[in-house]
Amino acid sequence: MLRLPILTVVMVLLAVVLYLRKGRQTLTIPAGKGCVVPNDWFAANPHPMTPADHVRPADQTFLTYPEWFLVHSPAEIADYAKNHTTTTFPYMSHVRQLWQSYGIVYDQIKATFPFNTGYHVMIWVIGVSTTVEYAMKALYETVVGRLTNPAHGCVVTDEDKFNAQFTQDYVDFIRELPWYEFDFTSRISRLFSETSLWGPHFIRKCERKYMLLTELVVKAGYGYLIKLGTKAAYDEALLTTAVVVDKAPATLPSKTKLLKTYPDESALLLLPRYEAFNPAASALAQHGVTFREIAGNNSALLLTVLSPENWHPDRPDFRVVFTQPVLTKPGLKRVALVTTVGRLNKTIRYVQEQHVTIEHVYDY
Amino acid sequence: MRLKDKLPLSYLLFTSRGRINRLTYWTVSAFIWSTFYVLHTLLNDFIGEGATYILYPLLLVSLVATATKRLHDINRSGYWLLIVLIPVLGALWLIYWLGFKKGDNRANRFGTIPNEAADYLKNDDGSLIPHLKTQERIINDVTHLNPVVVADVFRPTSTEELQEKVRTTTGPVSVGGGRFSMGGQTASPHSLHIDMRGLNQVIHFSKAERIIKVQTGIRWCDIQRFIDPHDLSIKIMQTYANFTVGGALSVNCHGRYMGHGPLILSVRSVEVLLADGSLVYASRTENPDLFFGTIGCYNGLGIIVTAELDLEENLAVRRVYKKLPYTDYSSFFIDTIRDNPEAVFHNGDMYPPAFTNMRAVTWVKTTEKPTVKTRLMPLRESYPLERYFMWAFTETMLGKWRREHVVDPLLYLTTPIHWRNYEAGYDVAELEPRSRTKRTYVLQEYFVPVRHFEVFARKMSEIFNRYNVNVINVSVRHALPDQGSYLAWAREEVFAFVVYYKQRTNDVAKNAVAIWTRELIDAVLSVEGAYYLPYQAHATAGQFHQAYPNARKLFALKKKLDPDFRFHNILWDTYYQPDNN
């Protein structure tokens, strides 16, 4: 029977064509073709004042974006899960946003920096894992979840509430620590203790228990393996970011330490890394501080903000790299901006004046 | 026609019967999911989200149906799908079962091995004549070129029943088995057609004496299945195992065996039902006239009801080959193959359209482990690759060139090792085209004394090229002489030229075939050879008698044993009493 292989090839091709056609829908809009960052913003810092063990590669501000997207994305899911079941969440669009934005940030640095193999491999691993996870979820939700989903997709079962809580806790956790450290195992028993066995929407309850149990077990197992792999392949990450400022303010923001003051009044500060870097850096900017070095760099620095759709900033202190609509919050978009360490304070202040939220500062 | 054949895709997607292998499962899954995606997207975009719900019953049914078939393949019932309800482990287990676990390598309670045919290709039981409520049926052979209306079809299940029928009826009788002859040798207009396929029992078998006695409606493949567990193999048979023993005996067939020849050389005795209803035992020593007048004599004297056949050891054989010009073939054959005790099968393929190059293929005895998993030829539901090659060789530009210089060299890259039984177990189905309505594949065969090989090869090539005959292959085999049979085609040591060609089915084409066939017969007669009779009866009476000088003796015997001319078929109608029609 030759009919089946022929029809299969035809249908697969048709599906690919349809998928790519849908891809034209604007999920990530680059500000321009190729690199949009002025060349001199990439000039390396020849003699960093920052101690060598606090210096990190300058291209990492861009390369950390895909990683952080995998925090922004669960954050969006957690937000969405408060009012809707996650059955209707646009998982596949997030997959596209991930890979599209990875392509754009790589476009910015590929001419200036040598290929950072270790970092790219890490991005591929987490990117592919997430793609598989989201694809499985999208498939499952389309085929099964959709059939048990309550009308209007409201959160009515204990299980969907449990999911909302779990998703939120998970996001809060991964803002500070690697995802594989999350305690999925204890959630498995809580899934059964915190939800009723019987009740209205019984089929939905069973189906969600099945789905959540599967997710927790798989993630617990996968997390365990990744933890082993990461320990073997990568060094333990530093949890602080060293910053050189022109002048330390009289009162330091919380979680910030003064390490050293130089004769010209400039100072070496130790700020928390990752999620808490943004509030600390913003507080310093509000104090009128100018940054000289962040993790040993004084070159280009990436930050993302969440702004209304109609916000189109045009300032000499920063450039827009790309924008991404926040799909579950119509009217809101993520704007990726690139500035330099020296212009960061002005950029922060301008953005805050515009009442636009800084989502994250990518501190290398 | 079964749903399976008529709507294979619907059968696959919406019924849970039967088995499918891993490849089919992956393919059909890709088909289901991509189709679902396409339809889902289209409905969602053009009609609305609600419309997509109509896809779910179809999706669910097809997923369950295909998964059930795959579970059947590993001998589990479809209820095992419920294992998916166990989170994680159930799903993983199911993924392994459905996607990766190899299917049973034998038939199980859910069916035969996927893509494996349940049985060898068979001809029908005689097709009904539309709008007629009589007993008349159309009896046709495998080529579909020879439809004959017979008065009735009788299917005996015991020798006594058959005897009774012959005794109590008058009028013409025609006899058929597998009906793989190609010129109407199994039917005659308005005769009572006896379909022998019900008489298919093994009557006696002795492993020690290497002998088997069978009813002649049995097929060679059935005998192979019977004797294979005893490590025995049929001494002489043709390459294709679909035929019935009775049919093969009546045409005195041959195979590719070395050191043997016509089938008659492996027959110890037969029992023949004569026109008067008597059953007569015949061997070389007892009733030799009947023995030599029935084997290879196309049911002229009576019906062969049982036969006692020689068996041989079932050895492993390894394929070796040599490509050479046809001018070197006879000396190569005589020097290295003819008396080589290691050679079990041999044939030489002549490449059309020039017929100057040959590939001599020999299967030699080996103690190595066979490269095939099964001892007998596994049967397949379809032969898409074979069908494609046949089409490409016969219908495309440079098709024959590609076969000689691209396809065959690739096919001969490996060195297969088969069992003797395996290598004699081919299914005619592999030769079947999609349809035989417009074009059909037909065989002819010419027997040439060994010393005249080259002369005939040249003449044959010239005739084929002059008439633009679409020859697929000419396979040369060797046979030792058969000095007994009245219609012996190997009166001395011969090479058999088996010609496989393609022809159109319209009258003009049939006529053209008749013309070049007669010319080819003249060519073979000029080298003291013979042509083979199970094919279309294009030869003139003069050619027939020149090729078969003892035919008149057989005719005399027929007059004596079948005085009322009861046993008919196209051959007898043409050459014995042509005025009778």
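No lab work stands behind these numbers, since they all come straight from the coordinates. From a predicted model like this one, the values you see are computed outputs, not experimental measurements. Here Cβ is always computed from backbone atoms with ideal geometry, including for glycine, and neighbour counts include all displayed protein chains.
List of remarks:
- Shape call, the range B:324-466: gyration tensor on alpha carbons, a/c limit 1.5: oblate
- Of the GluC sites (Glu not before Pro) in the range A:277-364, those whose Cβ has at most 13 other Cβ within 10 Å and which sit in DSSP loop: A:309
- Cα gyration tensor shape for the range B:3-100, rounded if a/c is under 1.5, else prolate or oblate: oblate
- Taking the charge dipole of the range B:3-100 about its Cα centre, with +1 at Lys and Arg Cβ atoms and -1 at Asp and Glu Cβ atoms, the residue from B:18, B:33, B:48 reaching farthest to the positive side is B:18.
- Cβ crowding within 10 Å averaged over residues, with B:72-81, B:99-108, B:229-238 ranked highest first: B:229-238, B:72-81, B:99-108
- In straight-distance terms, cross-link reach from residue B:438 covers every one of the lysines whose alpha-carbon lies under 26 Å from its own, apart from those fewer than eight places away in the same chain; here that gives B:4, B:6, B:122, B:400, B:502, B:510.
- Nearest-ten-degree value, helix B:22-46 long axis tilted from longest Cα axis of chain B: 50 degrees
- Average Cα contact separation per residue, chain B, under 8 Å, 6 or more apart, as relative contact order %: 13 percent
- Inter-centroid distance (Cα atoms) of the range A:281-331 relative to the range B:81-134, Å: 62 Å
- GNM on chain A, alpha-carbon springs under 10 angstrom: the most fluctuating residue among A:210, A:170, A:350 is A:210.
- Rounded Å value of the spacing that divides the Cα centres of the range A:159-197 and the range A:61-140: 21 Å
- Helix A:3-23 and the longest principal axis of the C-alpha atoms of chain A enclose an angle of approximately 40°.
- Considering only GluC sites (Glu not before Pro) in DSSP loops that have at most 12 other Cβ atoms within 10 Å, the longest stretch of chain B without any of them is B:369-581.
- Dipole in debye (nearest 20) - the range A:240-362, about Cα centre, beta carbon charges: Lys, Arg +1; Asp, Glu -1: 160 debye
- Amide proton proximity set for residue B:269, modelled H, under 5 Å, gap of 5+: B:308
- In sequence order, calculated HN-Hα J values of the range B:458-473 (Karplus, 6.51, -1.76, 1.60; Hz; x Gly/Pro): 5, 4, 4, 4, 5, 5, 4, 6, 5, 9, 6, 6, 7, 7, 8, 7
- Under 17 Å from residue B:213, Cα to Cα: lysines that are on another chain or at least 8 residues apart: B:235
- Per-residue 3J(HN,Hα) values for the range A:344-355, derived from phi via the Karplus relation 6.51 cos²θ - 1.76 cosθ + 1.60 with θ = phi - 60°, read 4, 4, 5, 4, 4, 5, 4, 4, 5, 4, 7, 6 Hz in sequence order (x marks Gly and Pro).
- Ranked packing of A:176-185, A:266-275, B:174-183, most packed first, by mean Cβ within 10 Å: B:174-183, A:266-275, A:176-185
- DSSP bridge orientation in the protein assembly as shown - percent antiparallel, rounded to nearest 5: 95 percent
- Per-residue ³J(HN,Hα) for the range A:87-95, Karplus 6.51 cos²θ - 1.76 cosθ + 1.60, θ = phi - 60°, Hz, x for Gly and Pro: 4, 9, 5, x, 4, 5, 5, 5, 4
- Degrees between helix B:551-561 axis and first principal axis of chain B (Cα, 0 to 90, nearest 10): 90 degrees
- Peptide B:84-92, shielding by other chains (average Cβ, 10 Å cutoff): 3
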